[in-house]
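Down below is the structure, laid out as C-alpha coordinates.
The values are calculated or read from the model by the stated rules, or taken from the named source; none is laboratory data. Predicted, not measured: the structure shown is a model, and the values here were computed from it. Please note: Cβ atoms are built from the backbone with ideal geometry, for glycine as well, and neighbour counts cover all protein chains shown. In case anyone asks, the SASA skips ligands and DNA or RNA and just uses the protein heavy atoms, side chains included. Shrake-Rupley method; radii C 1.70, N 1.55, O 1.52, S 1.80 Å.
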Amino acid sequence: MTTPTLTADARRILWAQALRAFAYGFGAVLLGSTLDREGFSSGEVGLVLAAVVAGTVISSLAVGRWGDQWGRRRSYVVLYLALAATGVVFAFSDRVWVLGAVALTGALSTEVVESGAFTSLEQSMLATDLTGRARIRGFGVYNAVATAAGSVGALAAGGPDLLRRVWSNSPADQRFFLVFVPVALGGAAVACTLSRLVEAAPERSEPRAPSRLERSRPTVVKLAGLFALDSFGGGFVVQSFIAYWLTVQFDASIGVLGVVFFAVGLLQTASFLAATRLAERFGLLRTMVFTHLPSNALLIAIPFAPSLAVAALLLLGRTALAQMDVPTRQAYVMALVDPDERTPAAATTNTARYVVRPVGPALAGLSQSVAFGLPFFLAGGIKSLYDVVLWRWFRTVAVPDEQAQAHTDTRK
(Lines give C-alpha, C1' and ligand atoms only; values in the text may rest on other atoms or scores of the structure.)
Protein backbone atom coordinates (compact mmCIF):
# COMPACT_ATOMS: atom_id res chain seq x y z
CA MET A 1 0.00 0.00 0.00
CA THR A 2 1.39 3.39 -0.97
CA THR A 3 1.58 6.21 1.53
CA PRO A 4 -0.68 9.18 0.66
CA THR A 5 1.34 12.29 -0.16
CA LEU A 6 0.37 15.94 -0.11
CA THR A 7 0.04 17.85 -3.36
CA ALA A 8 1.95 21.02 -4.17
CA ASP A 9 -1.11 23.15 -3.42
CA ALA A 10 -1.65 21.42 -0.07
CA ARG A 11 1.96 22.11 0.91
CA ARG A 12 1.56 25.77 -0.03
CA ILE A 13 -1.56 26.03 2.12
CA LEU A 14 0.37 24.55 5.04
CA TRP A 15 3.18 27.09 4.59
CA ALA A 16 0.74 29.99 4.47
CA GLN A 17 -1.11 28.63 7.49
CA ALA A 18 2.14 28.20 9.46
CA LEU A 19 3.01 31.87 8.91
CA ARG A 20 -0.44 32.98 10.10
CA ALA A 21 -0.41 30.63 13.11
CA PHE A 22 2.96 32.06 14.14
CA ALA A 23 1.48 35.57 14.00
CA TYR A 24 -1.59 34.51 15.97
CA GLY A 25 0.47 32.78 18.64
CA PHE A 26 2.68 35.86 18.89
CA GLY A 27 -0.29 38.24 18.96
CA ALA A 28 -2.34 36.27 21.49
CA VAL A 29 0.38 36.75 24.11
CA LEU A 30 1.23 40.32 23.10
CA LEU A 31 -2.33 41.64 22.83
CA GLY A 32 -3.39 41.42 26.46
CA SER A 33 -0.19 42.85 27.92
CA THR A 34 -0.07 45.62 25.32
CA LEU A 35 -3.63 46.77 25.97
CA ASP A 36 -2.91 46.81 29.70
CA ARG A 37 0.33 48.77 29.33
CA GLU A 38 -1.35 51.29 27.02
CA GLY A 39 -3.81 52.10 29.82
CA PHE A 40 -6.98 50.56 28.41
CA SER A 41 -9.65 49.82 31.00
CA SER A 42 -10.97 46.29 31.50
CA GLY A 43 -14.16 47.33 29.71
CA GLU A 44 -12.22 48.62 26.71
CA VAL A 45 -10.13 45.45 26.59
CA GLY A 46 -13.35 43.45 26.62
CA LEU A 47 -14.72 45.50 23.72
CA VAL A 48 -11.61 44.88 21.62
CA LEU A 49 -11.65 41.13 22.34
CA ALA A 50 -15.39 41.00 21.63
CA ALA A 51 -14.73 42.71 18.30
CA VAL A 52 -12.11 40.06 17.49
CA VAL A 53 -14.65 37.29 18.14
CA ALA A 54 -17.39 39.12 16.24
CA GLY A 55 -15.04 39.74 13.31
CA THR A 56 -14.24 36.02 13.22
CA VAL A 57 -17.94 35.19 12.92
CA ILE A 58 -18.75 37.91 10.36
CA SER A 59 -15.81 37.15 8.07
CA SER A 60 -16.41 33.41 8.22
CA LEU A 61 -20.07 33.86 7.22
CA ALA A 62 -19.05 36.24 4.42
CA VAL A 63 -16.54 33.77 3.04
CA GLY A 64 -19.08 30.96 3.29
CA ARG A 65 -21.58 33.02 1.29
CA TRP A 66 -19.36 34.69 -1.30
CA GLY A 67 -15.91 33.07 -1.07
CA ASP A 68 -16.45 30.67 -3.97
CA GLN A 69 -18.02 33.44 -6.06
CA TRP A 70 -15.10 35.81 -5.46
CA GLY A 71 -12.61 32.98 -5.84
CA ARG A 72 -10.95 31.11 -3.01
CA ARG A 73 -7.43 32.20 -3.94
CA ARG A 74 -8.45 35.85 -4.27
CA SER A 75 -10.32 35.76 -0.95
CA TYR A 76 -7.33 34.07 0.70
CA VAL A 77 -4.91 36.75 -0.51
CA VAL A 78 -7.25 39.57 0.58
CA LEU A 79 -7.46 38.12 4.09
CA TYR A 80 -3.68 38.08 4.39
CA LEU A 81 -3.45 41.68 3.19
CA ALA A 82 -6.08 42.59 5.80
CA LEU A 83 -3.93 40.85 8.44
CA ALA A 84 -0.94 42.98 7.41
CA ALA A 85 -3.06 46.15 7.71
CA THR A 86 -4.30 44.96 11.11
CA GLY A 87 -0.69 44.68 12.30
CA VAL A 88 0.00 48.29 11.29
CA VAL A 89 -3.11 49.63 13.04
CA PHE A 90 -2.52 47.69 16.25
CA ALA A 91 1.12 48.82 16.27
CA PHE A 92 0.30 52.53 16.22
CA SER A 93 -3.29 53.24 17.25
CA ASP A 94 -4.31 53.86 20.86
CA ARG A 95 -8.03 54.44 20.16
CA VAL A 96 -10.34 51.67 21.17
CA TRP A 97 -12.87 52.34 18.37
CA VAL A 98 -10.13 52.11 15.74
CA LEU A 99 -8.82 48.81 17.13
CA GLY A 100 -12.36 47.45 17.39
CA ALA A 101 -13.20 48.47 13.83
CA VAL A 102 -10.11 46.76 12.45
CA ALA A 103 -10.77 43.66 14.55
CA LEU A 104 -14.22 43.42 12.93
CA THR A 105 -12.56 42.67 9.57
CA GLY A 106 -11.99 39.14 10.87
CA ALA A 107 -8.30 39.04 9.97
CA LEU A 108 -7.23 38.84 13.63
CA SER A 109 -7.81 35.84 15.87
CA THR A 110 -6.60 34.56 19.22
CA GLU A 111 -7.02 30.94 18.03
CA VAL A 112 -4.24 29.30 16.02
CA VAL A 113 -6.04 26.09 14.99
CA GLU A 114 -9.53 27.27 14.06
CA SER A 115 -9.36 30.90 13.03
CA GLY A 116 -12.43 32.09 11.20
CA ALA A 117 -12.53 32.84 7.48
CA PHE A 118 -8.97 31.62 6.95
CA THR A 119 -9.88 28.20 8.31
CA SER A 120 -13.07 27.92 6.25
CA LEU A 121 -11.16 28.64 3.05
CA GLU A 122 -8.29 26.32 3.91
CA GLN A 123 -10.56 23.42 4.78
CA SER A 124 -12.50 23.70 1.53
CA MET A 125 -9.30 24.08 -0.54
CA LEU A 126 -7.64 21.08 1.10
CA ALA A 127 -10.78 18.99 0.65
CA THR A 128 -10.92 19.92 -3.05
CA ASP A 129 -7.24 19.23 -3.58
CA LEU A 130 -7.03 15.95 -1.63
CA THR A 131 -9.13 12.78 -1.56
CA GLY A 132 -9.43 9.61 0.52
CA ARG A 133 -6.58 8.85 2.88
CA ALA A 134 -4.57 11.79 1.58
CA ARG A 135 -7.36 14.11 2.74
CA ILE A 136 -7.45 12.61 6.24
CA ARG A 137 -3.66 12.76 6.48
CA GLY A 138 -3.68 16.31 5.15
CA PHE A 139 -6.09 17.55 7.82
CA GLY A 140 -3.95 15.93 10.53
CA VAL A 141 -0.79 17.65 9.31
CA TYR A 142 -2.76 20.89 8.83
CA ASN A 143 -3.74 21.07 12.49
CA ALA A 144 -0.35 19.87 13.73
CA VAL A 145 1.42 22.61 11.77
CA ALA A 146 -0.90 25.27 13.21
CA THR A 147 -0.30 24.11 16.78
CA ALA A 148 3.46 23.91 16.38
CA ALA A 149 3.77 27.28 14.62
CA GLY A 150 1.45 28.94 17.15
CA SER A 151 3.59 27.61 20.01
CA VAL A 152 6.72 29.05 18.40
CA GLY A 153 4.92 32.37 17.99
CA ALA A 154 3.93 32.37 21.65
CA LEU A 155 7.54 31.74 22.67
CA ALA A 156 8.69 34.54 20.35
CA ALA A 157 6.34 36.94 22.14
CA GLY A 158 8.83 36.94 24.99
CA GLY A 159 11.35 38.55 22.65
CA PRO A 160 10.52 42.19 23.47
CA ASP A 161 11.28 41.69 27.17
CA LEU A 162 14.56 39.93 26.38
CA LEU A 163 15.48 42.65 23.89
CA ARG A 164 14.79 45.32 26.50
CA ARG A 165 17.44 43.81 28.78
CA VAL A 166 20.17 44.51 26.25
CA TRP A 167 18.66 47.57 24.54
CA SER A 168 17.11 50.06 26.94
CA ASN A 169 15.68 52.19 24.11
CA SER A 170 13.99 49.30 22.33
CA PRO A 171 10.50 49.98 20.87
CA ALA A 172 7.39 49.70 23.01
CA ASP A 173 5.65 46.34 23.01
CA GLN A 174 2.85 47.73 20.85
CA ARG A 175 5.25 48.34 17.95
CA PHE A 176 6.01 44.63 17.74
CA PHE A 177 2.62 44.10 16.10
CA LEU A 178 4.53 45.18 13.00
CA VAL A 179 5.80 41.58 12.95
CA PHE A 180 2.38 40.82 11.44
CA VAL A 181 3.27 42.79 8.30
CA PRO A 182 6.10 40.67 6.80
CA VAL A 183 4.49 37.47 8.06
CA ALA A 184 1.13 38.32 6.46
CA LEU A 185 2.73 39.52 3.24
CA GLY A 186 4.64 36.25 3.12
CA GLY A 187 1.34 34.39 3.53
CA ALA A 188 -0.21 36.45 0.73
CA ALA A 189 2.74 35.69 -1.54
CA VAL A 190 2.35 31.97 -0.91
CA ALA A 191 -1.42 32.23 -1.46
CA CYS A 192 -0.81 33.83 -4.87
CA THR A 193 1.06 30.70 -6.02
CA LEU A 194 -1.93 28.37 -5.50
CA SER A 195 -3.25 26.79 -8.68
CA ARG A 196 -6.80 26.89 -10.04
CA LEU A 197 -7.32 23.36 -8.74
CA VAL A 198 -8.19 24.71 -5.28
CA GLU A 199 -11.20 26.60 -6.62
CA ALA A 200 -14.72 25.25 -6.19
CA ALA A 201 -15.07 24.45 -9.91
CA PRO A 202 -11.76 25.13 -11.69
CA GLU A 203 -13.18 24.11 -15.07
CA ARG A 204 -15.85 26.83 -15.05
CA SER A 205 -15.12 30.19 -16.65
CA GLU A 206 -18.50 31.94 -16.13
CA PRO A 207 -19.17 33.85 -12.87
CA ARG A 208 -20.41 31.75 -9.97
CA ALA A 209 -23.52 32.50 -7.96
CA PRO A 210 -23.13 32.98 -4.19
CA SER A 211 -22.65 29.64 -2.43
CA ARG A 212 -25.65 28.13 -0.68
CA LEU A 213 -26.27 25.00 1.31
CA GLU A 214 -28.83 22.95 -0.59
CA ARG A 215 -28.63 19.16 -0.60
CA SER A 216 -26.18 19.20 2.34
CA ARG A 217 -28.23 21.61 4.45
CA PRO A 218 -29.89 19.06 6.82
CA THR A 219 -26.57 17.34 7.49
CA VAL A 220 -24.66 20.59 8.03
CA VAL A 221 -27.35 22.04 10.32
CA LYS A 222 -27.21 18.93 12.53
CA LEU A 223 -23.42 18.95 12.64
CA ALA A 224 -23.29 22.70 13.34
CA GLY A 225 -25.63 22.28 16.30
CA LEU A 226 -23.57 19.41 17.69
CA PHE A 227 -20.28 21.24 17.19
CA ALA A 228 -21.73 24.27 18.96
CA LEU A 229 -22.66 22.02 21.90
CA ASP A 230 -19.12 20.63 22.02
CA SER A 231 -17.58 24.11 21.85
CA PHE A 232 -19.94 25.35 24.58
CA GLY A 233 -18.80 22.51 26.85
CA GLY A 234 -15.17 23.19 26.10
CA GLY A 235 -15.64 26.82 27.11
CA PHE A 236 -16.02 25.74 30.75
CA VAL A 237 -12.41 24.50 30.82
CA VAL A 238 -10.39 26.92 28.72
CA GLN A 239 -6.67 26.89 29.39
CA SER A 240 -6.75 30.06 31.49
CA PHE A 241 -9.33 28.51 33.85
CA ILE A 242 -7.36 25.27 34.19
CA ALA A 243 -4.23 27.25 35.01
CA TYR A 244 -6.19 29.24 37.61
CA TRP A 245 -7.66 26.07 39.13
CA LEU A 246 -4.25 24.38 39.41
CA THR A 247 -2.83 27.51 41.03
CA VAL A 248 -5.56 27.78 43.65
CA GLN A 249 -5.99 24.06 44.29
CA PHE A 250 -2.31 23.04 44.41
CA ASP A 251 -0.41 26.35 44.61
CA ALA A 252 1.23 25.60 41.25
CA SER A 253 3.93 28.08 40.25
CA ILE A 254 4.07 29.87 36.90
CA GLY A 255 7.14 27.83 36.02
CA VAL A 256 5.36 24.55 36.62
CA LEU A 257 2.31 25.71 34.69
CA GLY A 258 4.55 26.71 31.79
CA VAL A 259 6.04 23.22 31.63
CA VAL A 260 2.59 21.58 31.88
CA PHE A 261 1.07 23.64 29.09
CA PHE A 262 4.13 23.28 26.91
CA ALA A 263 3.64 19.52 27.23
CA VAL A 264 -0.03 20.04 26.41
CA GLY A 265 0.98 21.75 23.15
CA LEU A 266 3.32 18.90 22.22
CA LEU A 267 0.63 16.31 22.90
CA GLN A 268 -1.89 18.24 20.83
CA THR A 269 0.49 18.25 17.88
CA ALA A 270 1.16 14.52 18.21
CA SER A 271 -2.53 13.67 18.66
CA PHE A 272 -3.47 15.42 15.42
CA LEU A 273 -1.07 13.16 13.55
CA ALA A 274 -2.09 10.01 15.42
CA ALA A 275 -5.78 10.70 14.75
CA THR A 276 -5.29 10.36 11.00
CA ARG A 277 -3.83 6.85 11.36
CA LEU A 278 -6.70 5.78 13.59
CA ALA A 279 -9.23 7.24 11.17
CA GLU A 280 -7.70 5.35 8.27
CA ARG A 281 -8.18 2.12 10.16
CA PHE A 282 -11.41 2.62 12.10
CA GLY A 283 -13.19 5.43 10.21
CA LEU A 284 -13.66 9.12 10.90
CA LEU A 285 -16.77 8.93 13.07
CA ARG A 286 -15.48 6.10 15.28
CA THR A 287 -12.22 7.96 15.82
CA MET A 288 -14.08 11.16 16.71
CA VAL A 289 -16.43 9.56 19.23
CA PHE A 290 -14.37 6.81 20.83
CA THR A 291 -11.33 8.98 21.54
CA HIS A 292 -13.45 11.89 22.77
CA LEU A 293 -15.56 9.95 25.29
CA PRO A 294 -12.57 8.64 27.33
CA SER A 295 -11.04 12.12 27.29
CA ASN A 296 -14.21 13.45 28.92
CA ALA A 297 -13.97 10.83 31.66
CA LEU A 298 -10.41 11.99 32.39
CA LEU A 299 -11.63 15.60 32.43
CA ILE A 300 -14.30 14.79 35.03
CA ALA A 301 -11.67 12.98 37.12
CA ILE A 302 -9.36 16.01 37.42
CA PRO A 303 -11.14 17.62 40.43
CA PHE A 304 -10.63 14.36 42.36
CA ALA A 305 -6.84 14.45 41.87
CA PRO A 306 -5.05 14.25 45.24
CA SER A 307 -1.95 16.11 44.04
CA LEU A 308 -0.64 18.42 41.35
CA ALA A 309 1.26 15.57 39.69
CA VAL A 310 -1.88 13.43 39.38
CA ALA A 311 -3.93 16.38 38.11
CA ALA A 312 -1.25 17.13 35.50
CA LEU A 313 -1.17 13.50 34.35
CA LEU A 314 -4.96 13.45 34.00
CA LEU A 315 -4.82 16.71 32.05
CA LEU A 316 -2.12 15.37 29.73
CA GLY A 317 -4.05 12.13 29.21
CA ARG A 318 -7.16 14.08 28.41
CA THR A 319 -5.23 16.29 25.95
CA ALA A 320 -3.75 13.29 24.14
CA LEU A 321 -7.28 12.02 23.35
CA ALA A 322 -9.47 15.13 23.26
CA GLN A 323 -7.80 16.77 20.23
CA MET A 324 -8.08 13.74 17.96
CA ASP A 325 -11.55 14.81 16.90
CA VAL A 326 -10.31 18.10 15.41
CA PRO A 327 -8.77 16.91 12.11
CA THR A 328 -11.26 14.04 11.86
CA ARG A 329 -14.17 16.43 12.41
CA GLN A 330 -12.95 18.74 9.67
CA ALA A 331 -12.35 15.87 7.24
CA TYR A 332 -15.74 14.35 8.14
CA VAL A 333 -17.65 17.52 7.23
CA MET A 334 -15.79 17.86 3.93
CA ALA A 335 -16.42 14.19 3.08
CA LEU A 336 -20.18 14.35 3.72
CA VAL A 337 -21.08 17.46 1.74
CA ASP A 338 -21.17 18.10 -2.01
CA PRO A 339 -17.96 19.64 -3.46
CA ASP A 340 -19.78 22.86 -4.42
CA GLU A 341 -21.03 23.27 -0.84
CA ARG A 342 -17.76 22.76 1.02
CA THR A 343 -16.96 26.41 1.66
CA PRO A 344 -20.40 27.30 3.13
CA ALA A 345 -20.40 24.01 5.05
CA ALA A 346 -17.02 24.78 6.62
CA ALA A 347 -18.08 28.36 7.37
CA THR A 348 -21.37 27.26 8.95
CA THR A 349 -19.91 24.55 11.19
CA ASN A 350 -16.94 26.69 12.19
CA THR A 351 -19.11 29.73 12.94
CA ALA A 352 -21.39 27.63 15.14
CA ARG A 353 -18.36 26.89 17.31
CA TYR A 354 -17.20 30.52 17.40
CA VAL A 355 -20.58 31.96 18.39
CA VAL A 356 -20.96 29.93 21.59
CA ARG A 357 -17.30 29.99 22.55
CA PRO A 358 -17.47 33.04 24.89
CA VAL A 359 -20.50 31.71 26.82
CA GLY A 360 -18.78 28.79 28.55
CA PRO A 361 -16.09 30.82 30.39
CA ALA A 362 -18.72 33.22 31.76
CA LEU A 363 -20.86 30.35 33.09
CA ALA A 364 -17.76 28.58 34.41
CA GLY A 365 -17.10 31.57 36.65
CA LEU A 366 -20.64 31.41 38.02
CA SER A 367 -20.53 27.64 38.55
CA GLN A 368 -17.39 27.91 40.69
CA SER A 369 -19.46 29.60 43.38
CA VAL A 370 -21.39 26.33 43.73
CA ALA A 371 -18.35 24.04 43.69
CA PHE A 372 -14.80 24.92 42.70
CA GLY A 373 -14.39 21.86 40.46
CA LEU A 374 -17.90 22.00 38.97
CA PRO A 375 -16.77 23.39 35.57
CA PHE A 376 -14.89 20.13 34.94
CA PHE A 377 -18.07 18.10 35.56
CA LEU A 378 -20.17 20.39 33.37
CA ALA A 379 -17.65 20.34 30.54
CA GLY A 380 -17.23 16.56 30.64
CA GLY A 381 -20.98 15.97 30.80
CA ILE A 382 -21.87 18.35 27.96
CA LYS A 383 -19.10 17.05 25.72
CA SER A 384 -20.10 13.43 26.44
CA LEU A 385 -23.67 14.28 25.43
CA TYR A 386 -22.26 15.63 22.16
CA ASP A 387 -20.43 12.35 21.54
CA VAL A 388 -23.47 10.18 22.26
CA VAL A 389 -25.83 12.20 20.07
CA LEU A 390 -23.27 12.44 17.26
CA TRP A 391 -22.89 8.65 17.24
CA ARG A 392 -26.64 8.07 17.44
CA TRP A 393 -27.43 10.43 14.55
CA PHE A 394 -24.58 9.61 12.19
CA ARG A 395 -23.48 6.03 12.82
CA THR A 396 -25.52 4.78 9.82
CA VAL A 397 -24.55 7.65 7.49
CA ALA A 398 -22.24 6.45 4.73
CA VAL A 399 -19.01 8.39 4.14
CA PRO A 400 -18.20 8.37 0.40
CA ASP A 401 -14.41 8.46 0.84
CA GLU A 402 -14.45 5.54 3.27
CA GLN A 403 -16.70 3.49 0.97
CA ALA A 404 -14.40 4.12 -1.98
CA GLN A 405 -11.31 3.24 0.06
CA ALA A 406 -12.93 0.03 1.35
CA HIS A 407 -13.77 -0.96 -2.23
CA THR A 408 -10.18 -0.28 -3.31
CA ASP A 409 -8.76 -2.32 -0.40
CA THR A 410 -11.12 -5.20 -1.22
CA ARG A 411 -10.01 -5.26 -4.83
CA LYS A 412 -6.38 -5.43 -3.69
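Sparse packing (at most 13 other Cβ atoms within 10 Å of the Cβ) combined with a DSSP loop state is found for the following trypsin sites (Lys or Arg not before Pro) in the stretch 36-103: Arg95. Solvent-accessible surface of protein heavy atoms, probed at 1.4 angstrom with all chains present, puts Arg175, Arg137, Arg392 in the order Arg392, Arg175, Arg137, largest first. Converting phi to 3J(HN,Hα) with the Karplus coefficients 6.51, -1.76 and 1.60 and the offset θ = phi - 60°, the stretch 319-329 yields 4, 4, 9, 5, 7, 5, 7, 6, x, 5, 4 Hz in sequence order, with x at every glycine or proline.
Think of a 1.4 Å ball rolled over the protein heavy atoms: the chain then has 43 Å² of accessible area per residue.
In this simple spin-label model, placing a label point 7 Å from the Cα along the Cα-to-Cβ direction at both Asp94 and Thr396 gives a separation of 6.5 nm. Which one, Phe139, Val359, Val98, projects farthest toward the positive side of the charge dipole computed for the chain from Cβ point charges (K/R +1, D/E -1)? Farthest towards the positive pole: Phe139.
Can you list residues from other chains, or at least 5 along the same chain, whose modelled amide H is less than 5 Å from the amide H of Ser93? Under 5 Å from the amide H of Ser93: no residue qualifies. Its DSSP H runs of at least 4 residues, each contributing -39,500 (n - 2.57), put the calculated 222 nm mean residue ellipticity of the chain at -25000 deg cm²/dmol, to the nearest 500. When the surface is traced with a 1.4 Å probe over the full set of protein chains, Trp66 keeps roughly 100 Å² accessible.
Relative to the Cα centre, the charge distribution of the chain, modelled as +1 at Lys and Arg Cβ and -1 at Asp and Glu Cβ, gives a dipole magnitude of about 720 debye. Take every Cα pair under 8 Å whose residues are at least 6 apart in sequence, average their separation, divide by the length of the chain, and the relative contact order is 26 percent.
Considering only Val248, Leu267, Gln174, the residue lying farthest towards the positive end of the dipole of the chain is Leu267, judged by Cα position with unit charges set on Cβ.
Note that the stretch 291-300 has calculated 3J(HN,Hα) couplings of 9, 6, 4, x, 5, 5, 5, 5, 4, 5 Hz, one per residue in order, obtained from phi through the Karplus relation 6.51 cos²θ - 1.76 cosθ + 1.60 (θ = phi - 60°); glycine and proline are x. Considering only Leu35, Gly87, Gln69, and ranking their Cα positions along the charge dipole of the stretch 1-134 that arises from unit charges at the beta-carbon of Lys, Arg, Asp and Glu, the one farthest toward the positive end is Gln69. Using the Karplus relation 6.51 cos²θ - 1.76 cosθ + 1.60 with θ = phi - 60°, the per-residue 3J(HN,Hα) values for the stretch 270-280 come to 5, 5, 4, 6, 5, 4, 5, 5, 5, 5, 5 Hz, with x marking Gly and Pro.
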